[in-house]
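The values are calculated or read from the model by the stated rules, or taken from the named source; none is laboratory data. Because the structure is predicted, anything quoted here is derived from the model rather than measured. Cβ placement follows ideal geometry from the backbone for every residue including glycine, while neighbour counts extend to all protein chains displayed. Quick note on the areas: whole protein, heavy atoms, side chains included, nothing else; ligands and nucleic acids left out. Shrake-Rupley method; radii C 1.70, N 1.55, O 1.52, S 1.80 Å.
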Amino acid sequence: MTTEENPVVTVSSKQGLAGTRVCVMGLGYIGLPTASILANKGYQVWGVDVRPDVVETINRGQIHIEEPDLDILVRSAVNSGQLKAGVEPRKADVFIICVPTPINADHSPDLSYVETAAKTIRPFVERGNLVILESTSPPFTTEKTVLPLGIPEGLVPGSDVFVAHCPERVLPGRILLEAVQNDRVVGGITPACAQRAKAFYETFVNGHVLATSATAAEVTKLVENSYRDVNIAFANELSILCDEFDLDVWEIISLANRHPRVNILSPGPGVGGHCISVDPWFLVHAAPERTRLIRTAREVNDSKPHVVVEQIARLAQQFASPRIGCLGLTYKANVDDLRESPSLEIVRELRERKVGEILACDPYVSPKRFNEFPLHPLTEVVSRSQVLVLLTDHRQFRDIPHRVLQEKVVVDTRGVWR
Ligand code: SAJ
């Protein structure tokens, strides 16, 4: 109940962190970096994942996802004994929930992972604990799901126990840097909960930690990703418009961006990843009548892969038996993440429609974890293809010589070969 009962609230430097136990629920793209950053800061971290293979990998000091420098950080955290993993939670001073929050086929939120994580920690939560939801969540999830399911009856939030939402904000590919450098929004179920969470984040975040309510933090996070989705949709709509006029969208955007108050983002094959293509739906679902623009942006971005497929199919018609090279499957450059990837969606649709022989290549996707269709080496794809499609702008593809591209029919969805 009081600050004396738990050191976390007063911790503001590395001193004293070693005595603080943190239990991180979910060791994926957010949970594992968070757990290893905290462990390297000196916290005693217990990481939990439902997958025994993930737990074993981490306990060996290895990682199951691709992220720059994460391997070094995890190895150091495990070797020092500060990070250990298991399939069940343990008692801790701080619980952090970092589980997925996907959407169902009808775009409604699927909160089952949050519900399960909250129920799983409940028997371990004690007076004085801080419980944090980091997963991006629909409005009111902290108050209406985590609080009732995760906090034992009789413990009063804000005095006996502290519950907050602190949405992650890190960019895949720069997670370790951004987890520490970015400003953070921490929203409490009560002001005391927010202050408690703020004190915790200030022990390892260099950016500003901004306190608010749990619901405001939930909506702020969704607004950030919706803002980006709407702006990418604008760029994607421009690319469709410019095709209609037979104009180069990249030229138009670079000219328009010379205006001091215009900053248009880049069109692409669509919007993927587990964040921007999902999170805006949480707002749309929560208030369908108030989110016309956000919904339309989602629809524009979701339609883009089909526009690209049509374009490829049209161009392929000039060959009797077209061989189409598809470069890149992941949702964006230089990451291994295939979730909601428009590039993968395009390759799947081309294969289903039997547009020609499809030769796919992605240096970031190991055939060990991907066996839906064969992957080919870059040199083979480039030499054998008549139509060459750039879907994900991995650095390896940017260096293909111009003279090679000149011999092909090229579809460059990212504008990097211009
Ligand atoms: N994309 C474009 N054109 C652009 C920028 C991106 O087509 O100009 C595409 C990408 O290729 C990709 C998708 O959009 O398919 C999303 O990529 P991204 O790099 O914009 O963002 P994410 O999904 O990797 O990470 C986002 C970030 N949110 C914002 O920038 C507002 C990150 O800070 C969040 O932490 C993350 O979502 C998350 O976890 O919510």
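Some observations on this one:
- Enumeration of residues in the range 51-65 that are out of contact with any Phe, Trp or Tyr (no Cβ under 9 Å at 6 or more places or on another chain) and not charged (D, E, K, R): 52, 54, 55, 57, 58, 59, 61, 62, 63, 64
- Cβ-Cβ contacts under 9 Å between residues 6 or more apart (or on different chains), taken from a first residue in the range 333-356 that is farther than 23 Å from residue 67 by Cβ to a second residue that is within 12 Å of the ligand (Cβ to nearest atom) and of a type in the set (S, T, N, Q), are listed as 346/413.
- Considering residues of the range 263-301 that are out of contact with any helix residue (DSSP H, G or I) (no Cβ under 9 Å at 6 or more places or on another chain) and closer than 24 Å to residue 346 by Cα only, the residue farthest from the ligand (Cβ to nearest atom): 274
- Only one entry in 297, 333, 320 is of a type in the set (Gly, Ala, Ser), in the same structural domain as residue 400 (by TED's automatic domain parsing), surrounded by 16 or more Cβ atoms within 10 Å (Cβ to Cβ) and part of a loop (DSSP other than H, G, I, E, B), namely 333.
This table checks each residue for (1) open to solvent by less than 50 Å² (accessible area, probe 1.4 Å); (2) within 27 Å of residue 65 (Cα to Cα); (3) within 24 Å of the chain's Cα centre (by Cα).
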residue	(1), (2), (3)
363	no, yes, yes
370	yes, yes, yes
373	yes, yes, no
401	no, no, no
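- Considered as a group, the residues in the range 150-177 that are open to solvent by less than 30 Å² (accessible area, probe 1.4 Å) and not in a loop (DSSP other than H, G, I, E, B) include one that is nearest to the ligand (Cβ to nearest atom), and that residue is 175.
- Look at (1) within 16 Å of the ligand (Cβ to nearest atom); (2) assigned to a loop (DSSP other than H, G, I, E, B); (3) surrounded by fewer than 18 Cβ atoms within 10 Å (Cβ to Cβ) and you find that residue 138 fails only one, number (3).
- Listed by first and then second residue, the pairs with beta-carbon distance under 7 Å, at least 6 apart or on different chains, first residue in the range 269-293 and free of Cβ contacts under 8 Å to residues at least 60 places away in the same chain, second among the charged types (D, E, K, R), are 276/228; 276/229; 280/229; 280/298.
- The set of residues in the range 336-389 being on the phi < 0 side of the Ramachandran plot, outside any helix (DSSP H, G or I) and basic (Lys, Arg) consists of 339, 353, 368, 369.
- The residue pairs whose first member lies in the range 364-375 and is within 23 Å of residue 173 (Cα to Cα), whose second member is open to solvent by 40 Å² or more (accessible area, probe 1.4 Å) and outside any loop (DSSP other than H, G, I, E, B), and whose beta carbons are closer than 8 Å, counting only pairs six or more residues apart or on different chains, are 365/375; 367/375.
- Any hit, the range 177-186, residues being touching a residue at least 60 places away in the same chain (Cβ under 8 Å), under 21 Å from residue 37 (Cα atoms) and of a type outside the set (Val, Ile, Thr): yes
- All conditions in (1) buried (at least 18 other Cβ atoms within 10 Å of the Cβ); (2) out of contact with any Lys or Arg (no Cβ under 9 Å at 6 or more places or on another chain); (3) in a loop (DSSP other than H, G, I, E, B) hold for residue 106, with the sole exception of (1).
- Checked across the range 20-39, the condition of being open to solvent by 10 Å² or more (accessible area, probe 1.4 Å), at pLDDT 95 or above, assigned to a strand (DSSP E or B) and farther than 21 Å from residue 176 by Cβ holds for at least one residue.
- Scanning the range 199-210 for residues that are open to solvent by less than 50 Å² (accessible area, probe 1.4 Å) and without any contact (Cβ under 8 Å) to a residue 40 or more places away in the chain yields 201, 205, 207, 209.
- Filter result for residue 249 (more than 8 Å from the ligand (Cβ to nearest atom), more than 27 Å from the chain's Cα centre (by Cα) and surrounded by 18 or more Cβ atoms within 10 Å (Cβ to Cβ)): yes
- The residue pairs whose first member lies in the range 44-59 and is over 18 Å from residue 72 (Cα atoms) and not assigned by TED's automatic domain parsing to the domain that holds residue 91, whose second member is buried (at least 24 other Cβ atoms within 10 Å of the Cβ) and among the hydroxyl-bearing types (Ser, Thr, Tyr), and whose beta carbons are closer than 9 Å, counting only pairs six or more residues apart or on different chains, do not exist in this structure.
- All positions within the range 252-274 that are at pLDDT 95 or above, open to solvent by 20 Å² or more (accessible area, probe 1.4 Å) and in a loop (DSSP other than H, G, I, E, B): 257, 258, 259, 260, 261, 262, 263, 264, 265, 266
- Residue that is most open to solvent (accessible area, probe 1.4 Å) [pool: residues in the range 77-89 that are in contact (Cβ under 8 Å) with a residue 40 or more places away in the chain and more than 28 Å from residue 112 (Cα to Cα)]: 80
- On the stretch given as the range 330-346, residues that are in contact with a Pro (Cβ under 6 Å, 6 or more places away or on another chain) and near the ligand (Cβ under 7 Å from one of its atoms) total 1.
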